[in-house]
Each structure stands twice: as C-alpha cells, then as structure tokens.
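The values are calculated or read from the model by the stated rules, or taken from the named source; none is laboratory data. Being a predicted model, the structure only gives us computed values, none of them experimental. Positions of Cβ are backbone-derived with ideal geometry, glycine not excepted, and every protein chain shown enters the neighbour counts.
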Amino acid sequence: MSQAAATSAVSTDPSRRARLAEFWYYFSENRGAVIGLVFFIFLVLLAIFAPLIAPHDPTQQYRDAVLVPPVWQEGGRADFLLGTDAVGRDMLSRLIFGTQFSLFVGVIVTTLSLVVGVVFGVIAGYFRGWVDTAIMRVMDIILAFPSLLLALVLVAILGPGLVNAMIAISLVYQPHFVRLARAAVMSEKTRDYVVAAKVAGAGHARLMFKTILPNCMAPLIVQATLSFSSAILDAAALGFLGMGAQPPTPEWGTMLAEAREFIQSKWWVVTLPGVAILITVLAINLMGDGLRDALDPKLKRS
Amino acid sequence: MHAPIRGNASMNRTFRLLKRRLVGAIPVLLIVVIGSFLLLEAAPGDAVDAYVASVGGDAGMIEALRQGWGLDASPMTRLAAYLWALLHLDLGHSVAFSRPVRDVVLERLPNTLLLMGAATALSFALGTALGIVAGARPGSARDRALSIGSLALYAVPGFWLALVLTIVFSVELRWLPLSGMETIASGKVGFARALDVARHMVLPVTSLGLIYLALYLRMMRAGMAEVWRMDFTRAARARGIGRRRIVLSHVARNALLPLVTMLGLQSAQMLGGSVVIESVFSVPGLGRLAQEAVGSRDTPLLIGIILVSAALVIVINLLVDIAYAALDPRVGASEASA
C-alpha cells in the first residue's frame, strides 16, 4: 500500500530527475539488467579504445605464429593470449576490434529503422485512412518475408559489404517500429491532452512529433534494444554467408566463416568469435529486460 | 443434438476465412513478384556478366548469350512475359542450372520443409513444456534457472550453435554425420534410407529448433505469469482444485493461445534461419539455393525462390489462423463478421 502511494507520488512529480530516479529504481531491481548494463559499458569502452587496448594490429600476419593455440594450452605463446588464426593474426586483437563493428552495426541499424519506422508509423496512426492502409500494406509485405532471405536479396542487389548489409537489415526491421508507433499513436490520439493541444492551435507536425510521440516512447525503446541485439546476430549471419563484412575485416561473423575449415582441429578459431557474439547479445538482452520492467507500466509490481 | 449444427457453422466460417485470405494473397504475391523483378533489374550486372566472369568470353559471345537467354529485351517486355508465363505456372528458366526454375525449386523445397517442420515441432513442443515448468511456480529456483538458460539460448547465433554441435557430436564423439542430407550413393531404400536421412537431420534440426525454443519458453512463461493474476485462477484455487490441474488446464491452457499466433509469425523467421543452417550442414534446401542464386545472379531462380517462400509464409499463416479460430471461438466470430 505504502509503496503504491510512493510510486504515484513519484510519477506525478513532473521533474525530469524524479522520473529518472523512478526509472533507475525499477531498472536496478533487476539484477541481470544491471550486470548487462555494466558489461555493455565495458564493451563500449573496449570498442572506443580498441587501438590502445589491443596488443597487436588486427590485420598483421605473423608468419612464424600460424594457428598458435591459446596461452593455457600446450604450445601457446604469451604474446598471443587467445592464440592466432590460419594466417597468424592475433585472435584477441581481432576480437577486440570486432566489438567496434558489432556495436556500430547495432547503433546504425537501430537508429535507421527506429527513425524511419517511427516517422511512417506516426503518420499512419495519426492520419489513418488511405495513407495508413498504403503504409501498412507495404509493411505487411515486408513482414511476410523471411528477414534473412530478404536481407540476402537486398545484398544481392546492393552488392556485398557491411554498409549494404546494414541497410538491408534496417529495412527488414523497420515494420516492427511502424506497427508499434502506429498502435501507440492511435491509443494516445484521442486523449484529452492531445485534444487540448489541438484546440490551442497546434499544427499536425507539432501534434504528431512533439505532443504525441514523447508519450509513445516506452515500447519503442524496448523494441530498439531488441533490434540492437538482433541486428548484431543478423549481421554476423550475413558475414558468415559471405554477404556482409568482407575479409580481412575483423567482424565476428566473417571471422567464423574464415575459420570453418579448421572446425575439426583448431577449436579456438571457431569457438571464440561465437562466444564474443553470445555474450554481447546476452548483455544487451538482459539490459532490454530491465528496460521493459522499468518502462512498461503494465509489468510494474506495485 | 446441437453438435452437427455447430460443426457446420464452424466449417462455413473456416471456408469463408479461407476464401477471403486466398483472394487477399493474390495481390500480395503479385506485388512481391513485380517488386523483386524491378529491384533485381536495378542491380548492376546480370546472369551473363556472372557467367562470363567465371567462364570467360568475348563481346560477341556476350551478345549471343544475352539474346539466347532472352535478356536483350526491355525490362517491361520481360516483366510482361514473365507474368504471362507465371499464369501458366511457369517460373521461367534458371540460367545457372540450365533447367526450369520450377523443377529446381520443387526438388529443394521438401528438404527445407522437412527441416523447418521438424525444427518447429521440436521448438514448439519443448519450448512450451519448459515454459509450463517455469511458469508453474513463477519466481521459484526452477523458473529462474530456465529463464536465464532461455535468455542465453536466445543470444546464441544459430550458425555458431550448429558449428559447436558439429564439433561435439560429429568431430569429437563421431556419433552423427558431419553434413549432407543422406549418405551419397549408399543405395539404401525404404526404411534404411529414412533412418539415414533422420541421422543426417538430427544436428540441423536441433540447432535450428533450439534457437527458437527460447522464444516459446519465454512467451509461455510470461503468459502464465499474467494468467496467474486473473480472478478465475484465484477462484479455481478457492474451489480447492489441485495445483497440477490448475497449472495445466487453467493457467497453461489460457496462456497457449498467443503462442499459436507466434508459430505463424516465426515460420517466416525460421525460413530465414534455415538459410544459414543449410549452409553449415550442406543441406540441399531452398535456403542454400537462394544463396547460390544470389552468387550466380540467377534472377529468374531468385524470383522463383522469393515467390515460393512468400507463398509458403502465407499458407502457414493461413493454417495458423484456421487453427486459432478453431481454438478460440471469439476470434472465429469476429473474422466471419468482418
């Protein structure tokens, strides 16, 4: 009872700091989310300071150190902590530089699909009628496609490469944002505060993006974290198929594709990039869970 | 006495749903075909370029090839010709395989359907069962362990899981074959052949199924957590019904419906996921065919694959909707009146 009262007191407080404090209160209740956040910050720092942290150049080939196992295994060398790959490149350095590409992919794909998806979704939900029908039909068609297959076709049209892979993945993800934004706008549109703003003489653009949109952000933020991690997975899959980042880029999926022929004997070249993808995506998903708990009022335990 | 009348009405409803959806599917497929045709048309390079790049040839040969493969006409003429052929269920001619696209696609489709079907069954059955275990007592140790496990599984890249499973079960333990659909030229027939194919499919199906298992587990658990809070579960407890029965026939049953919808939505994703899995295990399916078509710029083949997979997704979603209408009378009623 007292907690419910406290919550309502916090949420009626209009100041930004109080809202942030409330958000942090719910977010930090989820221990996994905090671990995910800490690890994510670690990854971001790793990506930013990669040139300073990595012991070697990620594309430098050491001819005398081909397929050296990790340091704790027999034959391992202290200057290659996680061993080397088939052409003598340091695994650890390549993995560290790989964070740059993965996080870059996540940021660009999420931003692109979020911005474009929200614009279309808000327009569809606000104007309804034929605009809505046209936009949603197109989105339905995109959604009816296997996303990876569609990305593959788009890459075929645009040509292989990381940038084209990112464009393809953003296009595939955007319908989710369109649907969420449209649904949220439709439920907010008839609220009193929107009508009040309309009566006060606000134009369409202002009503759509300044009055309504800020109140629809919660589900979009949760979807954005989901897209962030899925984008990393999909970009790695495209890289693995040879349609994403091209060698010698130290992208994790591309590294796995190069390592496939050593699957029978050299476990570290196959296992380590996968583990890197796994923990990155896991950290982001844990964070997303915490965000959902903190932002989605339906799930709040009062 | 009432049963036959009700059965008749629901048959009618299903039929009307079927008719409406099939009519609605035609424009969607048409847009998909025209859209992909025009997009691929805009791409630089065509099948002749890819062919000459791999085989070699002079300008005269390039011209002759373009004429021979019908690539010298204007895009609009070719689109019209393609659509006309499509009316007769002719998907054109694959330049990379020198065979009709329809034959190539139909040859590969069963393998992908087998892979997808088995993986879907595995992930849905196991995911739902584990979801019920987790959702039976929200917050218990078992629930937390399963939630963490599913979250980790959800973060695993499918192709990497496939590689790791191969290392463990094919390379180290040597229990299962490394790749392919069946032992080549084994001469096996009947049951022995089916067993051989099954042995080859264990790893691909497991890797594809495990990735999607996490999704069903999480949805089932979340759904059950919501149902536990509803009044009717409290009422059932107050009436003194055993916990096991409440879990299974009250909570789990009501949480199951959204999963059926998910099943349809996931089928499209699974078709995409099978591209990678087929590539890892060299399964001659639709996904690998798509990859090959992209590599050889085989436009007719690629459009054929797109068309077939779009039709597949539409059919699966239709089947799911019919199942849904049968499970939940409220949905069926609103669908019929709409």
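Restricting A:Phe177, A:Phe104, A:Phe209 to residues that are part of a helix (DSSP H, G or I), aromatic (Phe, Trp, Tyr), closer than 25 Å to B:Leu265 by Cα and away from chain B (no Cβ under 14 Å) narrows the list to A:Phe177.
May I ask you to verify whether B:Ser249 is within 13 Å of another protein chain (Cβ to nearest Cβ), part of a helix (DSSP H, G or I) and among the small types (Gly, Ala, Ser)? Spell out how you get there, then give the answer.
Values: within 13 Å of another protein chain (Cβ to nearest Cβ): no; part of a helix (DSSP H, G or I): yes; among the small types (Gly, Ala, Ser): yes.
No.
Here A:Val199 qualifies as exposed (fewer than 15 other Cβ atoms within 10 Å of the Cβ), free of Cβ contacts under 8 Å to residues at least 40 places away in the same chain and more than 9 Å from chain B (Cβ to nearest Cβ).
The sole residue among A:Gly117, A:Gly121, A:Gly125 that is more than 14 Å from every other protein chain (Cβ to nearest Cβ), part of a helix (DSSP H, G or I), under 22 Å from the mean Cα position of the chain (by Cα) and over 30 Å from B:Ser274 (Cα atoms) is A:Gly121.
One line per residue, one yes/no per condition, for (1) at pLDDT 90 or above; (2) surrounded by fewer than 21 Cβ atoms within 10 Å (Cβ to Cβ); (3) part of a loop (DSSP other than H, G, I, E, B); (4) hydrophobic (A, V, I, L, M, F, W, C):
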residue: A:Thr190; (1), (2), (3), (4): no, yes, yes, no
residue: A:Leu213; (1), (2), (3), (4): no, yes, no, yes
residue: A:Ala218; (1), (2), (3), (4): no, yes, no, yes
residue: A:Val222; (1), (2), (3), (4): no, yes, no, yes
residue: A:Ile232; (1), (2), (3), (4): yes, no, no, yes
residue: A:Pro247; (1), (2), (3), (4): no, yes, yes, no
residue: A:Ser265; (1), (2), (3), (4): no, yes, yes, no
residue: A:Ala283; (1), (2), (3), (4): yes, no, no, yes
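Scanning the stretch B:232-248 for residues being exposed (fewer than 12 other Cβ atoms within 10 Å of the Cβ) and β-branched (Val, Ile, Thr) gives a total of 0. Of all residues in the stretch A:255-267, those that are at the interface with chain B (Cβ under 7 Å from one of its Cβ atoms) and without any contact (Cβ under 8 Å) to a residue 60 or more places away in the chain have Cβ atoms under 7 Å from Cβ atoms of residues that are part of a helix (DSSP H, G or I) and surrounded by fewer than 18 Cβ atoms within 10 Å (Cβ to Cβ), 6 or more apart or on another chain, in A:Ile263/B:Ile167; A:Ile263/B:Val171; A:Gln264/B:Val171; A:Trp267/B:Ile167. Considered as a group, the residues in the stretch A:249-263 that are of a type outside the set (Val, Ile, Thr) and in contact with a Phe, Trp or Tyr (Cβ under 8 Å, 6 or more places away or on another chain) include one that is surrounded by the most Cβ atoms within 10 Å (Cβ to Cβ), and that residue is A:Gly253. Please find, within the stretch B:281-292, the residue that is farthest from A:Val153 (Cα to Cα) out of those that are more than 8 Å from chain A (Cβ to nearest Cβ) and in a helix (DSSP H, G or I). That would be B:Phe281.
With respect to the stated conditions, B:Val95 fails to be in contact with a helix residue (DSSP H, G or I) (Cβ under 6 Å, 6 or more places away or on another chain), within 14 Å of another protein chain (Cβ to nearest Cβ), touching a residue at least 24 places away in the same chain (Cβ under 8 Å) and not charged (D, E, K, R).
Selection of the stretch A:62-106 for residues being polar (S, T, N, Q) and out of contact with any strand residue (DSSP E or B) (no Cβ under 9 Å at 6 or more places or on another chain) yields A:Gln73, A:Ser93, A:Thr99, A:Gln100, A:Ser102. Would you call B:Ile303 crowded, with 24+ Cβ neighbours inside 10 Å and farther than 15 Å from B:Thr112 by Cβ? Judged against the criteria, B:Ile303 is a match. Of all the residues in the stretch A:136-153, those that are at the interface with another protein chain (Cβ under 7 Å from one of its Cβ atoms) and of a type in the set (A, V, I, L, M) number 6. A single member of B:Gly117, B:Gly180, B:Gly158 is surrounded by 17 or more Cβ atoms within 10 Å (Cβ to Cβ), under 22 Å from B:Gly273 (Cα atoms) and not polar (S, T, N, Q), and it is B:Gly158. The lone criterion from (1) surrounded by 23 or more Cβ atoms within 10 Å (Cβ to Cβ); (2) at the interface with chain B (Cβ under 9 Å from one of its Cβ atoms); (3) assigned to a helix (DSSP H, G or I) left unmet by A:Ala294 is number (2). For first residues located in the stretch A:269-291 and closer than 28 Å to A:Leu81 by Cα and more than 7 Å from chain B (Cβ to nearest Cβ), partners that are outside any helix (DSSP H, G or I) and among the polar types (S, T, N, Q) and lie 6+ apart or on another chain with Cβ distances below 9 Å form the pairs A:Val269/A:Thr84.
Test B:Met220 against the stated conditions and say whether it is part of a helix (DSSP H, G or I), modelled with pLDDT of 85 or more and in contact with a helix residue (DSSP H, G or I) (Cβ under 6 Å, 6 or more places away or on another chain).
Judged against the criteria, B:Met220 is a match.
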